[in-house]
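Notes follow once the structure below has been shown.
We did not get these values from a lab; they are worked out from the coordinates using the rules stated. Every value quoted in this text rests on a predicted model; they were computed, and no experiment measured them. Glycine gets a Cβ as well: all are built from the backbone with ideal geometry, and neighbour counts include every protein chain shown.
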DNA sequence: CTGGATCCCTCACGATACTG
DNA sequence: CAGTATCGTGAGGGATCCAG
């Protein structure tokens, strides 16, 4: 019972008491792709102090958002996973992430892109309509971060690392955001060298249709 | 410009840097029904210190989420309103509020219900399909907080205060949540006196169909 | 009276070191 | 690997004060 309560009988206020603390929703984000160990979560959020990570995990467990589970022998290690209630946050997390992506500028030099954030970002930007009657596998490489996205008639499967038979491998950087936001065209990106392709290059046009970020605010934040 | 950054090039991390600070999303909530003055916001969130309110308003304005506007004479007063970008947060706020409402327990003695939180809650719980071919006006009274909700064939209009010709006036308390969650039936609520009706009492059954909170976690949070 | 700014205190957060 | 312990800092909480 946090003494630091909003003092309102309101669903939103209660939600913010459950997952509104710093780092909490980023932990939920990293648990969306699947269960994680303490160290995995730490690696996915290098700037979180371990005591804060520990505290958040306890709070989220107490709130029924995540569940702490001890794996069967011989590993015997501990994983954290979303409960059913926690999984129901997925749509909110995706929507909020997409909203934020609309005003995302250039990354600071110290900013990183993690595997889980990229997986969730692909899910958030996925346009099922645009993926109808489409069957293709992409491999996306942002620095050391590699994920694959396989599309099969309106459905999406994203995962960590390479995939056996990608139709197109996309190697790029933060410019991927401008690409998905339609701020630059695929051909521009290829020409200025910010995107390198291996495979069927024409599939990049499909990619930016299937994964899309809506326009952001006309007056960018100061 | 918070020096306290998450250090990730990620839409969600950026969104949380914009609206993830304490009180920020509650301010957005209170601005959803319409523009508000500093004092209105303060009254809607009695526990927010004025310096924090001031800081949040500046940050949200700098982020392009809200806009500070000086009303024309003779009032000359200042109102804060959501920008278009800020308005695009509405669906997220409603979804997060609905998620939180599912695990909302009994209010603490000091907890309050404000007009704006109630208006937003009604919008969040509204089920357009259940409101098809329905035309009815409700007046909802929770203590001093009075709002009206008028339904017209799948559309909803909510507002502060009474409405001229309500078909049903519902006077109740926090039990309204259990009612919308289907945890108790309208007849039960009437029988035990936790709901008092004026008008066509049969319309209460429609009310709990049109405004609904999905089931919460089976294991309630500790 | 509205629309804040200023002060002081506390506690959560952040960084680091350390333990089972 | 999975956390706990310690300690400094800065944001949040609460009251008061000030300008238009």
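Stokes-Einstein, applied to the Kirkwood radius of segment A:147-187 over Cα pairs at a viscosity of 1.567 mPa s and 4 °C, places its translational diffusion at 109 µm² s⁻¹.
Legend: Rg and Dmax of segment A:1-42, from Cα coordinates, 13.0, 36 Å. Springs join every pair of Cα atoms under 10 Å in this Gaussian network model of chain A, and among A:47, A:69, A:56 the largest mean-square fluctuation is at A:47. Other protein chain C-beta atoms within 10 Å of residue C-beta, averaged over B:16-27: 5.
Exposure proxy ranking for A:137, A:10, based on other Cβ atoms within 10 angstrom of each Cβ and starting from the fewest, stands as A:137, A:10. For segment A:153-222, the calculated P(r), taken from all Cα-Cα distances in 10 Å bins from zero up to the bin holding the longest distance, is 17, 48, 27, 7, 1 percent.
Taking the helices alone, chain A has a mean residue ellipticity at 222 nm of -10500 deg cm²/dmol, built from -39,500 (n - 2.57) per DSSP H run of at least 4 residues and averaged over all its residues. In this assembly of identical copies, the label point of residue A:183 (Cα plus 7 Å along Cα-to-Cβ) is separated from its counterparts by 4.5 nm, sorted shortest first. Between copies, residue B:84 shows label-point distances of 4.2 nm, shortest first, with the point placed 7 angstrom from Cα along Cα to C-beta.
For residue B:106, put the label point 7 Å out on the Cα→Cβ axis and report which residues of segment B:190-216 keep their amide N under 20 Å from it. Under cut-off, by backbone N: B:190-196, B:216. Each of B:90, A:209, B:139, A:165 has some number of other Cβ atoms within 10 Å of its Cβ, and from fewest to most they run A:165, A:209, B:90, B:139.
The percentage of C-alpha pairs in chain A whose separation is greater than 29 Å is 34%. Peptide A:62-71 shows a mean partner chain C-beta count of 2 within 10 Å per residue C-beta. Shielding of peptide A:111-117 by partners, expressed as the average count of other chain Cβ atoms within 10 Å per residue Cβ, is 4.
Using the alpha-carbon positions of segment B:81-213, Rg (one decimal) and Dmax (whole number) come out as 14.5, 46 Å.
Neighbour counting of Cβ atoms within 10 Å sorts the residues B:14, B:148, fewest neighbours leading, into B:148, B:14. Label-point distances for residue B:73 to the equivalent site in the other copies, using a point 7 angstrom along Cα→C-beta, read 8.6 nm when ranked shortest first. Cα extents for segment A:58-139 along the principal axes, largest to smallest and rounded to whole angstrom: 42, 37, 25. Its alpha carbons considered, the protein assembly as shown gives a radius of gyration followed by a Dmax of 23.6, 76 Å. DSSP bridge analysis restricted to chain A gives an antiparallel fraction near 85%, rounded to the nearest 5.
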